[in-house]
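Step one of this worksheet: look at the structure below.
The values are calculated or read from the model by the stated rules, or taken from the named source; none is laboratory data. A quick note: this is a predicted structure, and the numbers were derived from the prediction, not measured. Positions of Cβ are backbone-derived with ideal geometry, glycine not excepted, and every protein chain shown enters the neighbour counts. For the accessible areas, the whole protein counts, side chains as well, though only heavy atoms, and no ligand, DNA or RNA atoms are used. Shrake-Rupley method; radii C 1.70, N 1.55, O 1.52, S 1.80 Å.
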Amino acid sequence: MPVLESTDRAMPRSALRHRPLGSDVDQRGMAGITPIAQRASRLHSPETEDEEATPGGTSTGPRPKTPRIKRIGVRHRGILHAHPLLLLGLGMIAMLVLWTLLTLAVAWWNTTWDDIHYGRPRTFQTDAVVGHNDLPSNPSHFIAINLNGRIEVIEFPGGDASKARIYIGPQLYGSGDNLIPVTLSFVDVSGKHLPDLIIHFQDSRIVYINENGGFRPANTDELHAVERYLQQHGQ
C-alpha cells in the first residue's frame, strides 16, 4: 500500500490560485472611474512650448522671438541704403509722371476755359465802327468763327443782316485746330484813316485792309508796313 510522503519543500508558485490584488472599487477609484494616464508623447515642458518643428526635419532648439518692429525696421533700413543710382532713377520717373499729369491738367483747363468763353464751334463777336454805313450809335457787327478748322468772319454793316459779308480765312489742318479760338481787332495800320481788320489765332495774325466799303487781304508790301507799325506800337 503506497504511503504518502510528507515533504518540507514549499509548494511551487504556479500551483497557487490567483488572488486579486484589490477590489474593483480600488482599481476604479472612489468615483468608479478608471483614471486615464496621459501619454508620454503629449507631455511638454515649458522650455519646448516655443519650439516649432521644421517641415521635413527636426527642431534644433528654441527659436528666438524677434519683435515685429525690428523686422520692419530692417526692411526700411534696406530701402534707405539702396544704391544712389536707383534712388536717382526713381526720382526721375516720379518727376516724369508728375510733369505728364501737370501737362494734361493744364491742357484740360485751357480747353474747358475756351469752352466757357467761346463755345463749340469757337465763336467770337464784337461791334466796331469801320465806315461801312455805320455810326457809333449803330455800329457794324462782326462774328469770327472757327468752323471745323476753317476761319470765317461775318460782317453785318451797320447791323444790317441783309447786307452781310463773309470773309474766308485760312484752313487749319493740325490736330485739335478746330478748337482754336479766333478773335478780332480793328487798327488803322495802312494809314488810310479807316480801321483795318486783324484776325488773331494762336500766335498768328491775318490783316485785311479796309477799302471800298469792305475788307481785302493785305499784299506783301502792306504786310511789311503792318509789321513795322505793330512793332512800333508794341502790338
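For segment 195-216, the tally of residues that are surrounded by fewer than 17 Cβ atoms within 10 Å (Cβ to Cβ) and over 48 Å from the mean Cα position of the chain (by Cα) stands at 5. Kindly evaluate ARG165 against the criterion of being touching a Ser or Thr at 6+ places or on another chain (Cβ under 9 Å) and surrounded by 12 or more Cβ atoms within 10 Å (Cβ to Cβ). Judged against the criteria, ARG165 is not a match. When the residues of segment 168-184 are filtered to those that are polar (S, T, N, Q) and within 33 Å of the chain's Cα centre (by Cα), the one that is most open to solvent (accessible area, probe 1.4 Å) is SER175. Scanning segment 161-195 for residues that are without any contact (Cβ under 8 Å) to a residue 60 or more places away in the chain, touching a strand residue (DSSP E or B) at 6+ places or on another chain (Cβ under 9 Å) and within 16 Å of TYR229 (Cα to Cα) returns SER185, PHE186, VAL187, ASP188, VAL189, SER190, LYS192.
With the condition kept exactly as written, say whether any residue in segment 92-114 is among the charged types (D, E, K, R) and open to solvent by 40 Å² or more (accessible area, probe 1.4 Å). So far as segment 92-114 goes, no, none of its residues is among the charged types (D, E, K, R) and open to solvent by 40 Å² or more (accessible area, probe 1.4 Å). With the structure loaded, tell me whether ILE198 is free of Cβ contacts under 8 Å to residues at least 40 places away in the same chain and under 18 Å from ASN212 (Cα atoms) or whether it fails that test. When the stated conditions are applied, ILE198 passes them.
Being at pLDDT 90 or above, surrounded by 10 or more Cβ atoms within 10 Å (Cβ to Cβ) and in a loop (DSSP other than H, G, I, E, B) is not true of ARG63.
For HIS117, the conditions (1) in contact with a helix residue (DSSP H, G or I) (Cβ under 9 Å, 6 or more places away or on another chain); (2) open to solvent by 20 Å² or more (accessible area, probe 1.4 Å); (3) not in a loop (DSSP other than H, G, I, E, B) are fulfilled apart from (1).
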